[in-house]
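Presented below is the structure to which this report refers.
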Ligand code: SF4
């Protein structure tokens, strides 16, 4: 029998038609939408006289441009307000479930999907947002699409794409103290580069991956796109089932048993040949931070910025341009550099475990005076848990304040913008020029590293505070 | 019919040699607030094109009157990052119909094909050749022929063929898009869904 990878199994089960020398007609189980990439899709859908074919397969939430304070008031920015209002109208008109601002399950689309149990193993999931890859943590094929494709899914529940090539990244071994899943993924991207995954769908495997919690797995799959990969996934296991059990939209009773029996078959056959494989050792991974303007430009927090040795002319030019933007020099050490802002949040690291590790770290300490801190929960659910567990109080005692859920400074479409020229150490996923506001300088790192920076005011390896360290599970 | 048909394009070229140009540079997030697909061209490469006061930066290629044309010649790994189709809308709206690079990011390339901007992947060597030719003489023209799948530097006759699958090729030639195709499969789709 032909050996199949997990990716093959899910993909092949969703192909309605294969066009010779063309794409597959690919069925989508779940479609997430938000206020920014859906309005034009709805507009074009209506212009062509089409309807949403299966409205119950789409779920909406406004997250990208919403304010993170005073969410109960009218949104001040006129254009943002229009997009959110348009989303409400469109959902109502087309019968799409909406988790609106201020309601119990509002939040970043990639945080609420898993939290509600909407995301389940074996599914195909798309959203007009590249970090849809987050859902791959559950053993799904999940990826970002453009607005034309959002319209396709509305009209036909399908998109047309050629199957990606398959890559497997295996990380074996045990992570050291103070080293998190964010460090694993920043380490991998630094090895493979920001374009090294282009054309591939990645399966993550190995003992260091299966030891991770669901939330930590989501952090890894989330950033697959930062290597250029279409998405990433991890085979479902007991950790996955445990997480999903009892969630609002997860199957119940007999249905649950049936579902789990099926989910257990979702794994790569032994002996499957991948188009490309990489192997890493967890023991080689240390706390990581980026110094440049793409996520592949990462080093150990205790390391130095690479020199230009061995680069050709055009590489050299792009590299120096990037470092100029950041105000850094080749060969420099990063430790001890003064930072102005920290951001904890986003669909990469805005979940409860992230807030827990930050709170545990800063407990009994004080925020550095030079730091402005934005801590933004990924969802209302996360916010509620943070209040219940006393995290909010711990944060406040240390001089921080928890804001309200949304994408916030991850892409700075709302008011949470890092001013031009200022440095931000951020738990989000992109350090592109201007990503966090025009002229902003972003360094990506784990929540623990961000917490260490928030306390010292400068770039710091969290392991310098060894007694506060909590082992990520 | 979703967009203009595209068969042969002969045009001058605008060169942008930076590598790893991501979609946040092509169109910064703060310009994604429209609810219609119009007017994005004004904000194409916004932060490279204009300073904080909104004055054009003289050293950016789109502000340099020496260069014009419907073909954008881009550096390696063009269009990485966000899946925002707005990036391609901005490129289209500005007046480009074709982007040439030695390497494209995946989602970006897909988005291009969906709205009728042709992404042409060339070898690094041919890309260098194009950059040098345009640098030496901004008036040189390039011809892109979808039917023959060739890209030709007209001043020297140097040419290369490029890949495009026959389905997308037909779409570009006829100005059809995927939705036209999918709507014809409605019954199969309903059947498939019912068996889920
Ligand atoms: S948090 Fe950032 S990456 Fe995630 S969905 Fe929002 S904008 Fe996209």
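Since every read-out is calculated from the coordinates, none of them should be taken as a lab result. Since we're looking at a predicted model, the values are computed, not measured. Positions of Cβ are generated from backbone atoms using ideal geometry, with glycine treated the same way; all protein chains shown enter the neighbour counts.
Compute the length gained on full extension between residue A:249 and residue A:264: take 0.36 nm times their separation in residues and subtract their Cα-Cα distance, giving the result in nm to one decimal.
Numbers: separation 15, 0.36 × 15 = 5.40 nm, distance 1.91 nm.
Difference between extended and current length: 3.5 nm.
Classify the range B:8-194 as rounded, prolate or oblate from the Cα gyration tensor: take a ≥ b ≥ c as the square roots of its eigenvalues, call it rounded if a/c is under 1.5, otherwise prolate when a/b beats b/c and oblate if not.
On the way: a/c = 2.20, a/b = 1.25, b/c = 1.76.
Taking the square roots of the gyration eigenvalues as a ≥ b ≥ c, the range B:8-194 is oblate.
Helix-only mean residue ellipticity at 222 nm, chain B, DSSP H runs n ≥ 4 weighted -39,500 (n - 2.57), per residue, nearest 500. What is it? Walk me through the intermediate numbers first.
On the way: 8 runs with 64 residues, N = 196.
Value at 222 nm, helices only, nearest 500: -9000 deg cm²/dmol.
What is the angle, in °, between the Cα long axis of helix B:124-136 and the longest principal axis of the Cα atoms in chain B? Nearest 10 is fine, range 0 to 90.
Taking Cα atoms only, the helix is inclined about 40 degrees.
Within a 10 angstrom radius of each residue's Cβ in B:181-188, how many Cβ atoms of other chains show up on average? Whole number is fine.
Across the residues of B:181-188, the mean count of other-chain Cβ atoms within 10 Å is 5.
Between residue B:196 and residue B:149, what length in nm is gained on full extension when 0.36 nm per residue of separation is reduced by their alpha carbon distance? Walk me through the intermediate numbers first.
Working: separation 47, 0.36 × 47 = 16.92 nm, distance 4.02 nm.
The residue B:196-residue B:149 span can extend by a further 12.9 nm.
Which order, highest average first, do B:65-71, B:50-56, A:423-429 follow once you tally other Cβ atoms within 10 Å for each residue and take the mean per peptide?
Details: B:65-71: 16.1, B:50-56: 10.1, A:423-429: 27.4.
Top to bottom by mean Cβ count within 10 Å: A:423-429, B:65-71, B:50-56.
Test of understanding: ordering A:158, B:98, A:407 by Cβ neighbours within 10 Å, fewest first, what list do you get? Please report the intermediate quantities before stating the final value.
Details: A:158 30, B:98 23, A:407 33.
Exposure proxy ranking, most exposed first: B:98, A:158, A:407.
How fast does the range B:14-75 diffuse by Stokes-Einstein, in µm²/s, taking the Kirkwood radius from C-alpha pairs at 20 °C and 1.002 mPa s? Could you put the intermediate results ahead of the total?
Details: Rh = 12.7 Å.
So the translational diffusion coefficient is about 169 µm²/s.
Which distance in Å, rounded to a whole number, links the C-alpha centroids of the range B:51-96 and the range A:7-82?
For the range B:51-96 versus the range A:7-82, the Cα centre distance is 27 Å.
Of the listed peptides A:224-232, B:181-189, what is their order by residue-averaged count of other C-beta atoms within 10 Å, with the highest listed first? Please list the in-between numbers first.
Details: A:224-232: 28.9, B:181-189: 15.8.
Per-residue Cβ counts within 10 Å, averaged per peptide and sorted highest first, yield A:224-232, B:181-189.
Just to confirm my numbers, what's the Cα centroid distance between the range A:376-442 and the range B:175-196 in Å?
41
Over every pair of different alpha-carbon atoms in the range A:297-367, take the mean of 1/r and invert it; report that Kirkwood radius in Å. Write down the numbers at each step before the final one.
Values: mean 1/r = 0.0663 Å⁻¹.
For the range A:297-367, inverting the mean 1/r across all distinct Cα pairs yields 15.1 Å.
Mind jotting down the distance between the C-alpha centroids of the range B:121-143 and the range A:149-167, whole Å?
The distance from the Cα centre of the range A:149-167 to that of the range B:121-143 comes to 34 Å.
Once every DSSP H run of n ≥ 4 in chain A is given -39500 (n - 2.57) and the sum is divided by its residues, what mean residue ellipticity at 222 nm do you get, rounded to the nearest 500 deg cm²/dmol? Intermediate values should be presented prior to the final figure.
Numbers: 16 runs with 148 residues, N = 473.
My calculation for chain A gives -9000 deg cm²/dmol from helical runs alone.
Enter the per residue convex hull volume of the range B:76-171, computed from alpha-carbon coordinates, in Å³ rounded to the nearest integer.
Working: hull volume 9.4 nm³, N = 96.
In the range B:76-171, the Cα convex hull volume per residue is 98 Å³.
Across peptide A:434-440, how many C-beta atoms of other chains are within 10 Å of each residue C-beta, on average?
Numbers: counts 9, 7, 2, 3, 5, 2, 0.
Taking all residues of A:434-440 together, the mean is 4.
By its C-alpha gyration tensor, with a ≥ b ≥ c as the square roots of the eigenvalues, how is the range A:335-468 shaped: rounded for a/c under 1.5, else prolate for a/b larger than b/c, else oblate? Write out the running numbers ahead of the final one.
Values: a/c = 1.78, a/b = 1.14, b/c = 1.57.
In terms of gyration-tensor shape, oblate.
Only bridges with both residues in the protein assembly as shown count here: give the DSSP antiparallel percent, nearest 5. Could you put the intermediate results ahead of the total?
Values: 27 of 79 bridges.
Percent antiparallel among DSSP bridges in the protein assembly as shown is about 35.
Helix B:106-115: angle to the longest alpha-carbon principal axis of chain B, degrees 0 to 90, nearest 10?
Relative to chain B, helix B:106-115 is tipped by roughly 80 degrees.
Put one equal scatterer on each alpha carbon of the range A:186-272, apply the Debye formula with no solvent term, and list log10 I(q)/I(0) at q = 0.14, 0.27 1/Å to two decimals.
Debye intensities relative to I(0), on a log10 scale: -0.59, -1.32.
Can you give the average number of partner chain beta-carbon atoms within 10 Å of each beta-carbon in peptide B:17-28, as a whole number? Intermediate results must be reported in sequence, preceding the final value.
On the way: counts 3, 5, 10, 13, 3, 9, 2, 9, 5, 0, 0, 9.
Partner-chain Cβ atoms within 10 Å, mean over residues of B:17-28: 6.
Using the Cα gyration tensor of chain A, with a ≥ b ≥ c the square roots of its eigenvalues, what is the shape: rounded (a/c below 1.5), prolate (a/b larger than b/c) or oblate (neither)? Could you put the intermediate results ahead of the total?
Details: a/c = 1.44, a/b = 1.23, b/c = 1.18.
It is rounded, given that a/c, with a ≥ b ≥ c, falls under 1.5.
Evaluate the distance, in nm, between pseudo-label points positioned 7 Å from the Cα of residue A:312 and of residue A:329 along their respective Cα→Cβ axes.
2.9
Per-residue counts of other Cβ atoms within 10 Å, averaged by peptide: what ranking do you get for A:305-316, A:409-420, highest first?
On the way: A:305-316: 12.2, A:409-420: 22.6.
Result, highest mean Cβ count within 10 Å first: A:409-420, A:305-316.
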